[in-house]
Amino acid sequence: MHAFLDRLGRGAARFHWFVIAGWLVVVVGLFVLRSAFGGTYVNNYTVPGSESSAGLNILNKDFSSAGGYSGSIVFHAKSGTVSEHADAVNSSMEAVGKLPDVVSAVDPLATTQTSQSSPSPYISKDGSIVNAPVSFSVVPASLDKSYVDKLDAAVEPARAAGLQVEYGGGAGQIGKQANDGPSEAIGLVLALLLLFLMFRSVVAAGLPLVSAVFSVGGGLAVLGLLAAVKDFPVSAPTVATLLGLGVAIDYGLFLVSRHREQLDDGMGVVESAGRAESTSGAAILVAGGTVVIAILGLYVSGVPFVGALGLSSAIVVAVTVLAALTLIPALLGLAKFTVLNRKDRHHLADERELEAGLPDETAIAQHRAEERERRDAKHEQSAFARWGRKVSDRPWPYGIAATLVLLILAIPLLSMNLGQLDAGTDPAGDSSRKAYDLIAQGFGPGANGPLTVVVQLPSSGDQQTLLSGLASTLQKTPGVAAVQPPSTNSAGTTAIINVIPTTSPSAAETEDLVNRIRDDVLSGQQEPTYVVGTTAGYVDFTEKVGSRMPWLIGAVVVLAFLLLTVAFRSLLIGVKAAVLNLLSVGAAYGVIVAVFQWGWGSSLVGIDEKVPIPSFVPMLMFAIVFGLSMDYEVFLLSRVHEAWIATKDSHRAVAIGIGATARVITTAAAIMIVVFLSFVLDDDPTVKMLAVGMAVAVLIDASVVRMILVPSVMTLLGDRAWWLPGWLDRIVPDIQLEGGPPPAPPEPEREKIDLPG
C-alpha cells in the first residue's frame, strides 16, 4: 500500500496540471448532469414492517380519497368570523384545488353549509379559524419555492378580503429546501483564518480549502444524481456538507503539514509529496475508511431514512478521501516551495547553500539526519510535549480527573427523551409555525398531529354498530380530546376514524396515547385495525431506531477495534480507543440533552423552547463522531508508534508523538468546531443538534481525550500498549501507517526555491 500511495503522490505532484484539470472537468460535468437529471430530496419516515406502514398501505389501496400527502390551508379572521368571507375562502380553495400535484382541497365552509348534522371539525368554536385540508400527490417538501408563489396567488382572494392565510402540515414544508450558503461561507472563512495562523502562508492555508470545495461539491453532485433513483432525506445534503467540509479540510491539513516538514528536511517537492502520501496519506485512508464504514453502519437501524442519511454522508466523505490522495498532492506540486512561509523559505535556501558546500551525498544525508534529530528534540521540548510528560509523570490523577469530567458531562444522557419535532419548533416567522399556533389555538394542540385508526371491515355483520362502538371507546380513552365520525370507503371494506389527542405531536403523552390505543383499545378487536398518521409513524420510527441502537454501537466498536488492531498491531490500542471514544460520545450526548431538552443556553443557537431529541440524532451522531475520533486517534498514535519503533522508549515516544502532532490536531479540531458550529444558523433544529453535538464531541476528543486520557493510558500501558499475541502477529498484515518505506534518494536536479521579495 505504501509503495502504491508513494507512486500516486509523486505522479499527481509531477503531472499536477493534468490532475487539477481532470478534477475540474469531472466536478463541472457532475454539476451539469445533476442540473439535467438530478432528483429531489424527501423525508420518508416509513418503517418497513411496522403497524403504521401496514395500515398506510391498506389506506392507500382501499381508501385512496384519504390517502396522498396531507397539508392544510389555515384561514384566520382577526375580528369576526371566517364565514363572513365565505366567497373569498371558496374562491381560494377552488384555485388551490386546481394547482399541479393537488389531489383534493376541501372548503370546510361549503361542506358545513350542505351538511348541518354535526359541527365541522375544521372550524373553531368561535368561527375565527378554519383549517382547510389539502391532499398532495407528491411529498410537499419536495416542491420548490416557486410552488409557494402559486399557493400565494391561489389564496390571494382570502388575503384581499382581510383574512390571515398560513400553510400548515405538509403544505408548510413547501419551498423549505436548506440554504447552507451562509454556513459554508462562514465555516470556510474561519477555517482559512485558522490555517493561516498555523502555516503563516496563504498558499498552504488555501490548499485544504480548495480540495474541500472540489470534493464536497463533487460529492453533493453525485448525491443529487442518486436522488433521482433513491429517496434521500431533505437534510441529507446539509449533514453531508457539514461533515464533508470538516474532514476534507482536516485531511488536507494533515498532508500539507507533513509535506512542509519534509521540505524543511531537504526533500524535493515531488519526492515529499509521495512520502507524505505514503505516510499521512495511509493514515487518512484508514481514518477515512473508518468514517465511511461507521456511517454506513447506520443501515443497522433497519430504517431507510436513517440508512440514507448515512449513505449520503459516506458518499461525500469518500470523495474527500479521493481528493486528499490525488488533488492535494497535485496542488502541492503546483505550489512547490510557496507552501512554506517567508522565514522557512529563507532558512531552506540557506540550508541548500550550506549543503552545496558539503563534499558528497553522504555528508548531505548526515547533515539532514542531524537536522531531523534537532527537530525531534524541538518537538520533545515543545509546550505540548512538556504537557504530555507532565501527564505521563502522574497518569493516575490526571486520568481519573479527566474521566470524571466526561462522566459528569454525560449525566444528562440518563434523562434523554427520544421523540419527534413538529412545526412548533420552526422559527416564529415561518408560515408553518403560524399555522401550527393557529390550529393549536382554535382546535387544541393535538389537532396538529391527528391519529387515524384504520379498520378493515368484515363482509357480514352490522358495520355501523362496530364502528360506533369503537369510536365511543376511543372517545373515552385518556388523552383523547375528540373523535370524528367514522368514514367508510365506497366498497364498504375499510373505514377510518380520526382521533385528536389532547397533547401536541412532540409530547411524550401523545406517544403514550398511540401505544395505549394499540395495546388497550384495538388489541381486543377481531377485525384488523391499525393506527396510522404522521405521529403514529414517528412512534414506530423512534421505537425501531431505539431498539437497533445497541446493534449499531456494537458493530462500530468492533469495526474500530479490528481496524486499529491491524493498523498498530496491538490489541490494547483498540480496546483503549473503544472505551475512550464511548466516554467522549456519552459526554457529547449529555451536552445535547442539556442544551436542547433541558433548554440550557438553547436560545444561543436559535431554539426558544425545550425540545425532544429525534431518535435518529444519537444514532447518526454516534456513527459520525466515532468515525471522526479515529482521525485523531490514527494521526496521533501513528506518530507515537513511529517514535516507539525508532526509540523503543514508550515514555519518550508519547512525548515525541504529542509534540509532533498536538499543534496539527489542535488546529484540525478547531477547524472542525468552527465548521460545525457555523451550521447552527440552519433553521432545522435537527441540524442545530448535530452541529452542536459534533462540535462538542470534537472539542472533548481533541482536549480531554487526546491531551489527557491518551497520554495517561499510554503511560500506564507502557510497552504493553504494542503487544500482540504471537499467533495473531503471524496473520495480521503489517501496514505500518507512519513507518512506511524509507525516503527515495534525493532527486538529482535541484529545485528552485521561490524566495519572497
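Within the bounds of region 675-697, is there any residue that is surrounded by fewer than 22 Cβ atoms within 10 Å (Cβ to Cβ), modelled with pLDDT of 90 or more and farther than 30 Å from residue 141 by Cβ?
no
Identify, from the list 645, 656, the residue that is assigned by TED's automatic domain parsing to the domain that holds residue 253, out of contact with any helix residue (DSSP H, G or I) (no Cβ under 8 Å at 6 or more places or on another chain) and farther than 28 Å from residue 241 by Cβ.
The conditions single out 645.
Just give me the residues in region 458-481 being at pLDDT 90 or above and either closer than 17 Å to residue 424 by Cβ or not in a helix (DSSP H, G or I) (or both), in sequence order.
476, 477, 478, 479, 480, 481 - these are the residues of region 458-481 that are at pLDDT 90 or above and either closer than 17 Å to residue 424 by Cβ or not in a helix (DSSP H, G or I) (or both).
Tell me, which helices (runs of 4 or more DSSP H) wholly within region 114-208 include 1 or more residues that are more than 27 Å from residue 534 (Cβ to Cβ), in the same structural domain as residue 670 (by TED's automatic domain parsing) and among the β-branched types (Val, Ile, Thr)?
Filter on region 114-208 gives 181-199.
Would a scan of region 27-42 turn up a residue that is at pLDDT 95 or above and more than 30 Å from residue 306 (Cα to Cα)?
The answer is no; no qualifying residue exists.
Within region 589-605, track down each residue that is in contact (Cβ under 8 Å) with a residue 12 or more places away in the chain and either part of a helix (DSSP H, G or I) or crowded, with 22+ Cβ neighbours inside 10 Å (or both).
589, 590, 591, 592, 593, 594, 595, 596, 597, 605
Could you grab the pairs with beta carbons closer than 6 Å, sequence gap of 6+ or different chains, first residue in region 509-537 and closer than 29 Å to residue 462 by Cβ, second one among the charged types (D, E, K, R) and at pLDDT below 90?
Qualifying pairs under 6 Å: 530/51.
How many of the residues making up region 504-533 are among the polar types (S, T, N, Q) and either in contact with a strand residue (DSSP E or B) (Cβ under 6 Å, 6 or more places away or on another chain) or crowded, with 20+ Cβ neighbours inside 10 Å (or both)?
Initially, region 504-533 is screened for residues among the polar types (S, T, N, Q), giving 504, 506, 510, 515, 523, 525-526, 529.
If we keep only those that are either in contact with a strand residue (DSSP E or B) (Cβ under 6 Å, 6 or more places away or on another chain) or crowded, with 20+ Cβ neighbours inside 10 Å (or both) too, we end up with 504, 506, 510, 529.
Number of matching residues: 4.
Identify the single condition in (1) farther than 20 Å from residue 30 by Cα; (2) in contact (Cβ under 8 Å) with a residue 12 or more places away in the chain that residue 236 does not satisfy, given that it satisfies every other one.
Just one mismatch for residue 236, condition (1).
Within region 429-444, does at least one residue satisfy the condition of being closer than 30 Å to residue 686 by Cβ, touching a residue at least 60 places away in the same chain (Cβ under 8 Å), out of contact with any His (no Cβ under 6 Å at 6 or more places or on another chain) and not in a helix (DSSP H, G or I)?
yes
With 539, 499, 585, 531 as the choices, which residue is hydrophobic (A, V, I, L, M, F, W, C) and within 30 Å of residue 720 (Cβ to Cβ)?
585
Of these, 711, 725, 756, which one is closer than 30 Å to residue 337 by Cβ and either modelled with pLDDT under 65 or not β-branched (Val, Ile, Thr) (or both)?
756
Is region 75-85 home to any residue that is within 24 Å of residue 532 (Cα to Cα), in a strand (DSSP E or B), among the hydrophobic types (A, V, I, L, M, F, W, C) and modelled with pLDDT of 90 or more?
Checked region 75-85: no residue is within 24 Å of residue 532 (Cα to Cα), in a strand (DSSP E or B), among the hydrophobic types (A, V, I, L, M, F, W, C) and modelled with pLDDT of 90 or more.
Looking at this structure, is residue 375 under 27 Å from residue 255 (Cβ atoms) and at pLDDT below 70? Please lay out each step first, then the result.
Details: under 27 Å from residue 255 (Cβ atoms): yes; at pLDDT below 70: yes.
Answer is yes for this residue.
The rows are residues; the columns are (1) surrounded by 24 or more Cβ atoms within 10 Å (Cβ to Cβ); (2) assigned by TED's automatic domain parsing to the domain that holds residue 547; (3) of a type in the set (Ser, Thr, Tyr); (4) under 14 Å from residue 631 (Cβ atoms).
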position	(1), (2), (3), (4)
250	yes, yes, no, yes
260	no, yes, no, no
264	no, yes, no, no
271	no, yes, no, no
278	yes, yes, yes, no
292	no, yes, no, yes
296	no, yes, no, no
310	yes, yes, no, no
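If residue 700 satisfies every condition in (1) among the β-branched types (Val, Ile, Thr); (2) touching a Ser or Thr at 6+ places or on another chain (Cβ under 6 Å); (3) at pLDDT below 90 but one, which is the exception?
If we test residue 700 against (1) among the β-branched types (Val, Ile, Thr); (2) touching a Ser or Thr at 6+ places or on another chain (Cβ under 6 Å); (3) at pLDDT below 90, just (3) comes out false.
What number goes with the only condition from (1) within 29 Å of the chain's Cα centre (by Cα); (2) at pLDDT 85 or above that residue 10 does not pass?
Among (1) within 29 Å of the chain's Cα centre (by Cα); (2) at pLDDT 85 or above, residue 10 violates only (1).
I'd like to verify a number: residues in region 128-149 that are crowded, with 16+ Cβ neighbours inside 10 Å and more than 12 Å from residue 74 (Cβ to Cβ), how many?
Residues meeting the conditions: 10.
All but one of (1) in a helix (DSSP H, G or I); (2) within 26 Å of residue 597 (Cα to Cα) hold for residue 683, so report the exception by its number.
Of everything listed in (1) in a helix (DSSP H, G or I); (2) within 26 Å of residue 597 (Cα to Cα), residue 683 misses just condition (1).
So for region 524-535 (the condition being closer than 28 Å to residue 613 by Cα, aromatic (Phe, Trp, Tyr) and part of a helix (DSSP H, G or I)), does at least one residue qualify?
Within region 524-535 (the criterion being closer than 28 Å to residue 613 by Cα, aromatic (Phe, Trp, Tyr) and part of a helix (DSSP H, G or I)), the answer is no, since none of the residues qualifies.
Residues in region 28-50: is at least one more than 23 Å from residue 176 (Cα to Cα), surrounded by fewer than 17 Cβ atoms within 10 Å (Cβ to Cβ) and not assigned by TED's automatic domain parsing to the domain that holds residue 325?
Yes.
If a residue has to be part of a helix (DSSP H, G or I) and more than 11 Å from residue 704 (Cα to Cα) to count, how many in region 385-413 make the cut? So that I can check it myself, show each step before the final result.
So in region 385-413, the residues part of a helix (DSSP H, G or I) come out as 385-393, 395-413.
Next, only the ones that are more than 11 Å from residue 704 (Cα to Cα) stay: 385-393, 395-397, 400, 407-413.
Final tally of qualifying residues: 20.
Quick check on residue 321: is it at pLDDT 95 or above, assigned to a helix (DSSP H, G or I) and out of contact with any Lys or Arg (no Cβ under 7 Å at 6 or more places or on another chain)?
It is true that residue 321 is at pLDDT 95 or above, assigned to a helix (DSSP H, G or I) and out of contact with any Lys or Arg (no Cβ under 7 Å at 6 or more places or on another chain).
Do we have residue 517 as among the β-branched types (Val, Ile, Thr) and assigned to a strand (DSSP E or B) here? Give the steps one after another, and end with the answer.
Working: among the β-branched types (Val, Ile, Thr): yes; assigned to a strand (DSSP E or B): no.
When the stated conditions are applied, residue 517 does not pass them.
Can you pull out the residues in region 209-247 that are closer than 16 Å to residue 319 by Cα and either in contact with a Pro (Cβ under 7 Å, 6 or more places away or on another chain) or part of a loop (DSSP other than H, G, I, E, B) (or both)?
Once the filter is applied, which keeps residues that are closer than 16 Å to residue 319 by Cα and either in contact with a Pro (Cβ under 7 Å, 6 or more places away or on another chain) or part of a loop (DSSP other than H, G, I, E, B) (or both), region 209-247 yields 220, 223.
Determine if region 630-645 includes at least one residue that is at pLDDT below 85 and under 17 Å from the mean Cα position of the chain (by Cα).
Taking every residue of region 630-645 in turn, at least one turns out to be at pLDDT below 85 and under 17 Å from the mean Cα position of the chain (by Cα).
The values are calculated or read from the model by the stated rules, or taken from the named source; none is laboratory data. All values derive from a computational prediction rather than experimental measurement. All Cβ positions, even for glycine, are placed from backbone atoms using ideal geometry, and neighbour counts span all protein chains on display.
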